[in-house]
Structure formats: C-alpha cells, structure tokens
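No lab work stands behind these numbers, since they all come straight from the coordinates. Since we're looking at a predicted model, the values are computed, not measured. So basically every Cβ, Gly included, is an ideal-geometry build from the backbone, and we count neighbours across all protein chains shown.
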Amino acid sequence: SAKQGRNKEFQAILPLRGKILNVEKSRINKIMASQEIITIITALGTSIAEEFDITKARYHKIIIMTDADVDGNHIATLLLTFFFRYMTQLIEAGYIYLAQPPLYLIKKGKQKIYAQSEEEKEEALKEVGAGATIQRYKGLGEMNPDQLWETTMNPEKRTLKQIIIEDAVEADNVFSILMGEDVEPRRRFIEKNAKKVVDLDI
C-alpha cells in the first residue's frame with residue numbers, strides 16, 4: 001500500500017520484514033551479516049560507524065513508518081538504536097523522523113476526521129455530532145493507498161516527529177538500559193517510569 005500510495009517524484013519506500021537485529025546486543029560481524037541492516041545501509045548510501053559519510057546520504061528525510069502498537073514501537077526503537085549507534089550524524093543533522101499515523105477515522109456523510117489519540121477522537125465526535133461511524137486502525141496495512149497518502153505520506157497533511165538528541169550522554173545511557181543485555185537496570189528504569197505511562201497497549 002505504501003509503494004502504491006507514495007508520490008514517485010520525491011518518495012522512495014524501503015519495506016522491512018518485521019523486526020531488525022538489536023544492535024545493542026550484537027557484535028559488528030553479526031550486524032554486518034544481517035540482510036535487513038545491509039539493505040538499510042545500501043539504500044541510504046552513507047556506510048556506517050568510522051566509514052560513515054553524511055555527504056553521500058541519498059535522502060535528507062528518513063521517515064520510520066510503523067504500526068501504532070507495541071510491536072510497531074519496538075520496531076521503531078530497534079531502528080532508532082541502529083541509527084544512534086552507527087549513523088548518529090543522521091540524527092544530529094535532523095534527517096530522522098517518526099511518522100505519526102492516526103488511530104481512528106471518524107466519518108459522517110462526506111465528512112472525515114482522522115484522530116491520533118482518544119482525546120482527538122472524542123473531540124472529533126463532538127464536532128461531527130450524532131450518527132458518526134468510528135474505524136479503529138490496527139495497523140498501516142489496514143489502510144488503502146489513498147488513505148496512507150492522505151494520513152501518513154502527504155507532506156501537506158501528515159504528522160511527523162523529528163528525532164533529536166538533546167543530551168548525548170543521557171541518550172547513550174537510555175539505549176544501553178533499554179536495549180542492552182543487563183536486565184536489572186532495565187527493570188529499575190521501568191519501575192521508575194511506570195507511573196508516567198498513560199496508554200498501555202497489551
């Protein structure tokens with residue numbers, strides 16, 4: 001659907017099969033043996049680590065598109081871990097973005113409103129009034145090409161979140177805790193931040 005929905009004049013799609021390797025737990029030889037990671041490196045054209053050359057980047061806006069659920073968030077985190085550890089300059093240059101696909105489509109007659117949260121959904125229902133239908137998107141795969149373009153790929157309408165590094169030391173620490181081998185720091189981190197979770201998707 002994404003390939004069909006894109007504008008071929010200025011958009012390219014790189015489909016990935018499921019979750020990529022967790023580079024935080026892997027040696028470089030295993031990373032370079034991963035077909036998915038090699039595909040990403042080749043597509044971007046920059047190489048990685050010490051050989052990284054940002055001037056060879058084929059794209060200046062790299063958008064991670066995943067489903068708005070636990071698996072989608074995990075895939076996005078794995079990709080961000082890879083970019084942070086081996087292509088940090090792409091983040092520093094402001095090239096990396098997360099797409100923010102809608103969770104709901106509210107329809108009434110010819111009126112359509114996309115909502116990215118429960119709060120937006122409730123506001124949309126108040127706006128359109130009684131008799132509206134609600135569609136809950138479980139994933140990008142449920143959208144047809146026109147809906148994908150309209151909600152996630154159209155530069156004039158889509159919502160993107162730019163990935164920035166405010167504190168490199170803190171970012172390094174968080175990636176190590178969340179994606180590394182040591183379980184105990186991760187457990188402490190989760191316990192400390194559990195109260196901040198307002199929307200848990202199980």
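Between the Cα long axis of helix 168-179 and the first principal axis of the chain there is an angle of about 80°, rounded to the nearest 10.
Our summary of shape: the Cα atoms of segment 52-169 have principal axis extents of 55, 27, 24 Å, ordered from largest down, in whole angstrom. Helix 183-193: angle to the longest alpha-carbon principal axis of the chain, degrees 0 to 90, nearest 10? Tilt relative to the chain: about 40 degrees.
Arrange the peptides 17-28, 72-83 so that the one whose residues have, on average, the most other Cβ atoms within 10 Å appears first. Don't skip to the answer; put the middle values down first.
Working: 17-28: 14.0, 72-83: 18.8.
Answer by packing, highest mean first, reads 72-83, 17-28.
Of all DSSP-defined beta bridges confined to the chain, some 80% are antiparallel rather than parallel.
Just the ratio, please: alpha-carbon radius of gyration of the chain over 2.2 N^0.38 Å, N its number of residues.
Details: Rg = 18.8 Å, N = 202, 2.2 N^0.38 = 16.5 Å.
Dividing the Cα radius of gyration by 2.2 N^0.38 Å gives 1.14.
Taken about its Cα centre, segment 34-134 carries a charge dipole of about 540 debye when Lys and Arg each add +1 at the Cβ and Asp and Glu each add -1 at the Cβ. Compute the acute angle (0 to 90°) between the alpha-carbon long axis of helix 35-44 and the principal axis of greatest extent of the alpha-carbon atoms of the chain; round to the nearest 10°. With rounding to tens, the tilt is 80 degrees. Amide H to amide H distances under 5 Å link I62 with I96, Y97, where only residues 5 or more positions off or on other chains count and H is placed in the peptide plane. Can you list residues whose amide H is under 5 Å from A68's amide H, if they're 5+ apart or on another chain and H is modeled 1.01 Å from N? Those qualifying (amide H under 5 Å, at least 5 residues apart or on another chain) are L140. Once both labels are positioned 7 Å from their Cα atoms along Cα-to-Cβ, the gap between R17 and L160 label points is 2.9 nm.
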